[in-house]
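This report refers to the structure that appears directly beneath it.
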Amino acid sequence: MIRKFKPAARHPELGRNSEVTAVVEGILREVEARGDDAVREYAIKFDGLDRTSYRLTESEIDAAVASLTPQERSDIDFAQAQVRRFAEAQRACLLDLEVETLPGVVLGHRNIPIQNVGCYVPGGKYPLLASAHMSVLTAKVAGCARVITCAPPFKGQVAQKIVAAQALAGADEIYCIGGVQAIAAMAFGTQTIEAVDMLAGPGNAFVAEAKRILFGRVGIDLFAGPTETLLIADDTVDGEICATDLLGQAEHGANSPAILLTTSQRLAEATALEIDRLVRILPTGDIARQAWETYGEIIVCDTDEEMLAEGNRIASEHVQVMTANPELYQDRLVNFGSLFIGPRTTVAYGDKVIGTNHTLPTQGAARYTGGLWVGKFLKTCTYQKILSEKASADIGEVCSRLCIMEGFAGHAEQANVRVRRYGRMNVGYAEPAGVLK
């Protein structure tokens, strides 16, 4: 039986917020119509930063990199090396293909990098320099020719560590612009910013809505909402580690769901007590408390089978498994953004340093998509070629008849003209089913 030891006071709203949409649509219209002038107005209004040009100069970028302490530089280099290593291994799996499916008929595909990519790196509440690794580095490993970045200032100033991370990741152009105006500038282009073909990177509700509206005009990585975490645990772990892992993700924002799924009543009780203790001493405890009180849940199940069913139903962004038999969940969970297996592994590792990408599906999107990875920056484009006249005529005869079944006379004639040219010299030639003589 599945029972709620601690139910959520409210569940996240999955629909669009009409007020957010109205604000976003207004900004998009202004930036599309007025370009740099609109970007500057919104940058002053929302970010408190007034510049003649929002593109950082080489000297500003160099100064940001130089501002890092030796330890900070070493740690960023280490994290980026892990992200690069995993992205390179993923890229190596994506092979171009060419196969002769019939005698003389050759089909194939190429994995072609998207040429112009815009990466958004959030930095309002927290300077999320890790997002630079996840988007810029991954796009560069994919082979994207031009990768530009936008990040807001932090407390009214250029965010030095974010800029350094973007530069070290290989960004070709770096802009100090935040919010919807940054997304609009990259998507539409302005007098000083060349438009991109794809947008990537997380952001707040306004950034997410801007990406949703612009999808189609440009590509996007995925639709992403507030951070989510799900712990699946049993008596092999204790309340302290569960509470820490839940609150560590809840601190992202007051709307971040955090859920414990367990077969242990004892662990449910211990985790609830530890959460009450930790929110009083964590520097981010106030935010984490709001998230936990509103969206936090503890669900107690009787069996692993029930926990598997609940885990797949919830389809969380992050799923952490700490059970006696983690392989069961590794094999049978199918709806998750990223899976963290065993108590030695934690979501924070994935967020910051271990090498997997932290831009992941939320709000149930894990039912149909994975997260950002090197393949998102590639277009798998097919091609076909016919090497012999006989092959063209053979394919053409079948194609002609299929086209006539559907009423496409012009399509049929595309096949017929080739049958007439290439088929008469072939053994077994049959008159096509077309309409032109």
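The values are calculated or read from the model by the stated rules, or taken from the named source; none is laboratory data. Every value quoted in this text rests on a predicted model; they were computed, and no experiment measured them. Note that each Cβ is placed from the backbone with ideal geometry, even for glycine, and that neighbours are counted across all protein chains shown. Note: areas computed on protein heavy atoms with side chains; ligands, DNA, RNA excluded. Shrake-Rupley method; radii C 1.70, N 1.55, O 1.52, S 1.80 Å.
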### Query
(1) basic (Lys, Arg); (2) open to solvent by less than 60 Å² (accessible area, probe 1.4 Å); (3) more than 29 Å from PHE206 (Cα to Cα): which one isn't true of ARG146, the others all being true?
(3)
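Considering every residue within the range 190-197, establish whether at least one is assigned to a loop (DSSP other than H, G, I, E, B), open to solvent by less than 40 Å² (accessible area, probe 1.4 Å), of a type outside the set (Asp, Glu) and under 28 Å from VAL347 (Cα atoms). If you could, list the steps in order and put the result at the bottom.
Quick first cut of the range 190-197, residues assigned to a loop (DSSP other than H, G, I, E, B) only: 190-197.
Okay, now just the ones that are also open to solvent by less than 40 Å² (accessible area, probe 1.4 Å), so 190, 193, 195-196.
From the residues that got through so far, the ones that are of a type outside the set (Asp, Glu) too are 190, 193, 195-196.
Next, only the ones that are under 28 Å from VAL347 (Cα atoms) stay: none.
No: the range 190-197 contains no residue that is assigned to a loop (DSSP other than H, G, I, E, B), open to solvent by less than 40 Å² (accessible area, probe 1.4 Å), of a type outside the set (Asp, Glu) and under 28 Å from VAL347 (Cα atoms).
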### Message
With the requirement that a residue be modelled with pLDDT under 95 and open to solvent by less than 50 Å² (accessible area, probe 1.4 Å), what does the range 398-437 give you?
### Response
GLY423, ASN426, ALA430, PRO432, ALA433, GLY434
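Only one of VAL141, VAL180 is part of a helix (DSSP H, G or I), modelled with pLDDT of 95 or more, in contact with a Lys or Arg (Cβ under 6 Å, 6 or more places away or on another chain) and not aromatic (Phe, Trp, Tyr); which?
Values: VAL180 fails: in contact with a Lys or Arg (Cβ under 6 Å, 6 or more places away or on another chain).
When all the criteria are applied, what remains is VAL141.
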### Query
What are the residue pairs meeting all of these: first residue in the range 402-414, first residue over 17 Å from SER392 (Cα atoms), second residue open to solvent by 60 Å² or more (accessible area, probe 1.4 Å) and not in a helix (DSSP H, G or I), Cβ atoms under 7 Å, and 6 or more apart or on different chains?
ALA409/VAL435
#### Entry: Residue pairs meeting the criteria (Cβ under 8 Å; at least 6 apart or on separate chains; first among the charged types (D, E, K, R), in the range 206-221; second part of a strand (DSSP E or B) and open to solvent by less than 30 Å² (accessible area, probe 1.4 Å))
LYS211/LEU199; LYS211/ILE220; ARG212/ILE220; ASP221/MET198; ASP221/LEU199; ASP221/ALA200
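Scan the range 155-177 residue by residue and report those that are assigned to a helix (DSSP H, G or I) and either on the phi > 0 side of the Ramachandran plot or out of contact with any Lys or Arg (no Cβ under 9 Å at 6 or more places or on another chain) (or both).
Step one: list which residues in the range 155-177 are assigned to a helix (DSSP H, G or I), which gives 160-169.
Residues satisfying the conditions are GLN160, LYS161, ILE162, VAL163, ALA165, GLN166, ALA167.
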### Some residue of the range 253-271 being of a type in the set (Ser, Thr, Tyr), open to solvent by 20 Å² or more (accessible area, probe 1.4 Å) and modelled with pLDDT under 95
no
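Of everything in the range 104-114, what is under 20 Å from ILE220 (Cα atoms) and either buried (at least 22 other Cβ atoms within 10 Å of the Cβ) or among the hydrophobic types (A, V, I, L, M, F, W, C) (or both)? Give them in sequence order. Steps first, please.
Taking the range 104-114 and keeping what is under 20 Å from ILE220 (Cα atoms), we get 111-114.
Correct list: ILE112, ILE114.
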### Selection status of ALA87, crowded, with 16+ Cβ neighbours inside 10 Å, of a type in the set (Gly, Ala, Ser), free of Cβ contacts under 8 Å to residues at least 60 places away in the same chain and in a helix (DSSP H, G or I)
no
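So that you can scan it fast, the table gives a plain yes or no per residue for (1) in contact with a strand residue (DSSP E or B) (Cβ under 6 Å, 6 or more places away or on another chain); (2) among the β-branched types (Val, Ile, Thr):
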| residue | (1), (2) |
| --- | --- |
| VAL279 | no, yes |
| ARG289 | no, no |
| ILE299 | yes, yes |
| ASP302 | no, no |
| VAL321 | yes, yes |
| ALA324 | no, no |
| LEU333 | no, no |
| LEU339 | yes, no |
| VAL347 | yes, yes |
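For the range 54-76, state whether one or more residues are outside any helix (DSSP H, G or I) and of a type in the set (Phe, Trp, Tyr).
We begin by selecting, within the range 54-76, every residue outside any helix (DSSP H, G or I); these are 54-57, 67-69.
Narrowing further to those that are of a type in the set (Phe, Trp, Tyr): 54.
Yes; the residues of the range 54-76 include at least one that is outside any helix (DSSP H, G or I) and of a type in the set (Phe, Trp, Tyr).
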### Residues that are outside any helix (DSSP H, G or I) and not basic (Lys, Arg), drawn from the range 203-225
GLY203, ASN204, PHE215, GLY216, VAL218, GLY219, ILE220, ASP221, LEU222, PHE223, ALA224, GLY225
## Note on the structure
With the first residue restricted to the range 357-384 and required to be without any contact (Cβ under 8 Å) to a residue 60 or more places away in the chain, and the second required to be acidic (Asp, Glu), Cβ contacts under 8 Å at 6 or more apart or on different chains are ALA366/GLU317
### Task
Select from the range 149-163 the residues that are over 24 Å from ILE287 (Cβ atoms), in contact (Cβ under 8 Å) with a residue 40 or more places away in the chain and surrounded by 24 or more Cβ atoms within 10 Å (Cβ to Cβ) and list them in ascending order.
VAL163
### Message
Please go through the range 382-418 and give me each residue that is under 30 Å from ILE220 (Cα atoms) and out of contact with any His (no Cβ under 6 Å at 6 or more places or on another chain), ordered by number.
### Response
TYR383, GLN384
### Query
Given VAL117, VAL99, VAL106, which one is in contact with a Gly (Cβ under 8 Å, 6 or more places away or on another chain) and assigned to a strand (DSSP E or B)?
VAL99
### Task
Kindly indicate whether ALA38 is free of Cβ contacts under 8 Å to residues at least 40 places away in the same chain, open to solvent by less than 40 Å² (accessible area, probe 1.4 Å) and part of a helix (DSSP H, G or I).
no
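Before we move on, is GLU25 surrounded by fewer than 16 Cβ atoms within 10 Å (Cβ to Cβ), touching a residue at least 12 places away in the same chain (Cβ under 8 Å), on the phi < 0 side of the Ramachandran plot and in a helix (DSSP H, G or I)?
Values: surrounded by fewer than 16 Cβ atoms within 10 Å (Cβ to Cβ): yes; touching a residue at least 12 places away in the same chain (Cβ under 8 Å): yes; on the phi < 0 side of the Ramachandran plot: yes; in a helix (DSSP H, G or I): yes.
Yes; evaluated as a whole, the condition is true for this residue.
Considering each of VAL117, VAL121, VAL141 in turn, give the residue that is β-branched (Val, Ile, Thr), in contact (Cβ under 8 Å) with a residue 60 or more places away in the chain and open to solvent by 10 Å² or more (accessible area, probe 1.4 Å). Show your work before the answer.
Details: VAL117 fails: open to solvent by 10 Å² or more (accessible area, probe 1.4 Å); VAL121 fails: open to solvent by 10 Å² or more (accessible area, probe 1.4 Å).
Matching residue, one of VAL117, VAL121, VAL141: VAL141.
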